[in-house]
Amino acid sequence: MAVAEQQENPLLEGLRLRRTPDPCALVIFGASGDLTKRKLFPALYSLALRHLLPERFGIIGVARTEESDDDFREAMKAAVQEFGRDAFQQETWDWLAERTRYVATDFADEGGQQRLVGALNELDEKQGTSGNRVYYLAVPPSAIATLIHEIGEHRSTDGWTRLIVEKPFGRDLASAQELNAELQQSFEEREVFRIDHYLGKETVQNLLALRFANGIFEPIWNRQFVDHVQITVAESIGIEGRAAFYEQAGAIRDIFQNHLLQLVALTAMEPPIDFTAESVRNEKVKVLRAMHTPGPKHVVRGQYGQGFIEGEEVPGYRDEPGVARDSMTETFVAAKLFVDNWRWADTPFYVRAGKRLARRETTIAIEFKRAPHPPFEESAEGELQPNVLVVHIQPDEGVSLEFAAKVPGQGLTLRTVHMDFLYGGAFRTGIPEAYERLILDCLLGDTTLFTRSDEVEEQWSLVDAIVAFWKRDRPAFPNYEAGTWGPAAADELMRRDGRSWRRH
Ligand code: BG6
């Protein structure tokens, strides 16, 4: 929905941004890739439509493919039309297109770097971008270290330089440490923006609002009242032609190491003293440090076989193009995690993430302990369920609270009912895409919603420990059918504790 069409809504007041970014040039490495088409340009367009980009702004797409400026602009226009969330307006596009250029180079050779430096200097002159630079590294992990090095060598001495590094940041602790060391050679931590796009999602940020802007949740947000937490990152899609990447990553590196652990950290963290980047990230790091490695019995991995998604037959993972026929890459992971601190000791966090599951759903469910003494036990019909607070990250963005209510009638029959807050209904506005928020925050120099170096290293320590014990055995893959909720062992993980995964 275009901004102009939105109804005025008093609840939106105060949500408009006050700061405008400095003039700057945004260089996108990996400009011919999928991310640039599906996410980055549509996000830039939505920001332009809302006048959130600086007037003195320029974009330079960089990739190896030979292409003219015009061809690149045409491709990006088509991408905005196909993937953008806003109705296409020629005037907004013209504004963006006028500021967009393309440079064909792989940047590894001196000639390529000079071409880019030349294009940037030209932008400074024509658009007044003042030597300020954001470099967006939307390239495969193997290309990142060289780029960081080269950008560091050629960084402009006028204006500021910032670097956005796409995930995955390394593939284990050692490689992440190497990348961090390379970054630290030429950049300050405040100049580095490690992306985890989950942090840019409105509903993920709302978790912080829910916890820290309301007095009623915090007193019960701990081991005394919470029985356990369940976090689900379920996707119904498969690997979408990304076999080369996914075969190396698997669910543990693709989702668990970043998105899932971020959701755990935000759910478990202590209230920060303020909302500055350091305060928020300090608290998240403390959670990651407090997590001990789960034993092998507490981690389940799976790989999907052939099955049905929404009535359509889909191939098993090993039959996806580009995947080895005997691949041992996991497309599902579930774990029982513990945060060893005063707030959470002995409270399990059950987490799961997977591809080709029954439905797309990301939720955080806080299940509270049962009422200590239900006085109507004898006469009540229907089972008394525990209270659950569910944060729906996506789809159906919102929050719901489940509690027992009396069914109208003579007897005392109880049923679980839901009290729902739905974003769409309450704010009557489209939810911004995560990339809009994150690009804008980077242009504003705010690192709060980006992963800090020590944070990413803590995440990898946990993953390394899990991957190490996975090396010892070979599960019989595939072990779940596409379109189901994962392997039986994931249900067993909960059943052993007398609990079960939520199904909706
Ligand atoms: C990416 C993963 O980080 O997140 C993908 O690489 C995954 O495999 C995607 O599909 C999910 O993002 P979202 O925003 O659709 O939940």
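Things to note:
- In segment 220-247, the residues that are open to solvent by 40 Å² or more (accessible area, probe 1.4 Å), β-branched (V, I, T) and near the ligand (Cβ under 10 Å from one of its atoms): I237
- For P478: the one exception among (1) in contact with a Phe, Trp or Tyr (Cβ under 8 Å, 6 or more places away or on another chain); (2) open to solvent by less than 20 Å² (accessible area, probe 1.4 Å); (3) under 30 Å from S327 (Cβ atoms): (2)
- Residues satisfying the stated conditions in segment 463-475, i.e. in contact (Cβ under 8 Å) with a residue 60 or more places away in the chain and either crowded, with 16+ Cβ neighbours inside 10 Å or in a helix (DSSP H, G or I) (or both): V463, D464, A465, I466, V467, F469, W470
- Beta carbons closer than 6 Å, at least 6 apart along the sequence or on distinct chains, pair a first residue in segment 143-167 that is closer than 23 Å to R437 by Cβ with a second that is in a loop (DSSP other than H, G, I, E, B) and open to solvent by 50 Å² or more (accessible area, probe 1.4 Å) for T161/R155.
Table: residues versus (1) assigned to a helix (DSSP H, G or I); (2) farther than 30 Å from D196 by Cβ.
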{"site": "R370", "(1), (2)": "no, yes"}
{"site": "A405", "(1), (2)": "no, yes"}
{"site": "G424", "(1), (2)": "yes, no"}
{"site": "D446", "(1), (2)": "no, no"}
{"site": "E458", "(1), (2)": "yes, no"}
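- When restricted to residues that are under 16 Å from R253 (Cβ atoms) and open to solvent by less than 10 Å² (accessible area, probe 1.4 Å), segment 171-194 contains 2.
- Residue check, H154 closer than 23 Å to I231 by Cβ and either more than 16 Å from the ligand (Cβ to nearest atom) or at pLDDT 95 or above (or both): no
- Among the residues of segment 67-102, just one is open to solvent by 20 Å² or more (accessible area, probe 1.4 Å), among the polar types (S, T, N, Q) and closer than 16 Å to T36 by Cα, namely Q81.
Residue by residue, here is whether (1) farther than 30 Å from T448 by Cα; (2) open to solvent by 30 Å² or more (accessible area, probe 1.4 Å); (3) free of Cβ contacts under 8 Å to residues at least 24 places away in the same chain holds:
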| position | (1), (2), (3) |
| --- | --- |
| F275 | no, yes, no |
| E283 | no, no, yes |
| V287 | no, no, no |
| T293 | no, yes, no |
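The values are calculated or read from the model by the stated rules, or taken from the named source; none is laboratory data. Since we're looking at a predicted model, the values are computed, not measured. Here Cβ is always computed from backbone atoms with ideal geometry, including for glycine, and neighbour counts include all displayed protein chains. For the accessible areas, the whole protein counts, side chains as well, though only heavy atoms, and no ligand, DNA or RNA atoms are used. Shrake-Rupley method; radii C 1.70, N 1.55, O 1.52, S 1.80 Å.
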